[in-house]
Amino acid sequence: MKKKVVLKIIIMGDGAVGKTSLVRRYLVGDFRHEYLMTVGVDLYTKKEKLHVKGSEIEIVWQIWDLSGQQYWRDVVSSFYKGAHGAVLVFDITNDLSYQNILDWALEFNRFGGERPIIVVGNKIDLRDKVPDSIKSDDGERKAYELSKLLGIKTTYIETSALENVNINKVFEKMKEMIISEALSKIIASNIGNGT
């Protein structure tokens with residue numbers, strides 16, 4: 001028996017932190033050095049097959065790459081609805097993008113609901129070149145604070161889209177978190193129904 005499931009992931013954060021570069025590196029395997037601002041939202045899909053208890057499930061991952069520019073903030077919040085998880089990206093060399101992670105998380109939680117979040121510190125290839133860059137411990141602390149504040153699963157991963165460091169790890173972890181949450185809800189529902 002074959003089933004099809006569509007799962008939606010939101011990629012969000014300030015402009016120029018590398019959101020589109022992360023997605024392109026994951027889906028296409030390339031990196032563009034020139035900066036092209038995302039206008040509103042770019043939508044990408046990736047299909048994957050899973051086998052669970054004798055059934056084949058086709059998962060269509062929808063990856064919504066949202067513009068981080070202030071001009072688009074009111075528009076992009078409407079895209080959070082129906083999301084199964086979010087990847088919040090900041091640039092480790094840009095303290096403001098790090099500070100704004102809280103605002104992005106609160107906005108996602110308000111419009112998208114209590115869904116898993118991964119905080120991503122991107123551009124770690126620049127850490128040695130920028131002495132006052134955000135440290136790994138700071139990123140870990142931010143993810144922990146968000147977990148406590150929002151009451152949701154949150155984790156932290158550092159990446160370099162330029163050098164292709166941990167890109168697959170981000171998306172594999174998000175898949176794991178979404179599937180784990182879905183299974184938890186199914187189990188809780190069956191317990192509540194006395195089955």
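List of remarks:
- Residues of region 14-48 that turn out to be charged (D, E, K, R), loosely packed, with under 14 Cβ neighbours inside 10 Å and either outside any strand (DSSP E or B) or at pLDDT 95 or above (or both), as a count: 3
- Test for residue 11: is it modelled with pLDDT of 90 or more, under 20 Å from residue 97 (Cα atoms) and of a type outside the set (D, E, K, R): yes
- Qualifying positions in region 86-126 - part of a strand (DSSP E or B), closer than 17 Å to residue 148 by Cα and in contact (Cβ under 8 Å) with a residue 60 or more places away in the chain: 86, 88
- Test: residue in region 113-127 that is in contact with a Ser or Thr (Cβ under 9 Å, 6 or more places away or on another chain) and surrounded by fewer than 17 Cβ atoms within 10 Å (Cβ to Cβ): yes
- Checked against the criterion of being under 22 Å from residue 21 (Cα atoms) and under 15 Å from the mean Cα position of the chain (by Cα), the candidates 129, 123, 173, 135 yield just one match: 173.
- Residue in region 130-146 that is hydrophobic (A, V, I, L, M, F, W, C), farther than 18 Å from residue 112 by Cβ and modelled with pLDDT of 95 or more present: yes
- The listed residues are 63, 101, and the only one of them that is closer than 23 Å to residue 181 by Cβ and modelled with pLDDT under 95 turns out to be 63.
The values are calculated or read from the model by the stated rules, or taken from the named source; none is laboratory data. The structure presented is a predicted model; accordingly, all values stated were derived computationally and were not measured. Here Cβ is always computed from backbone atoms with ideal geometry, including for glycine, and neighbour counts include all displayed protein chains.
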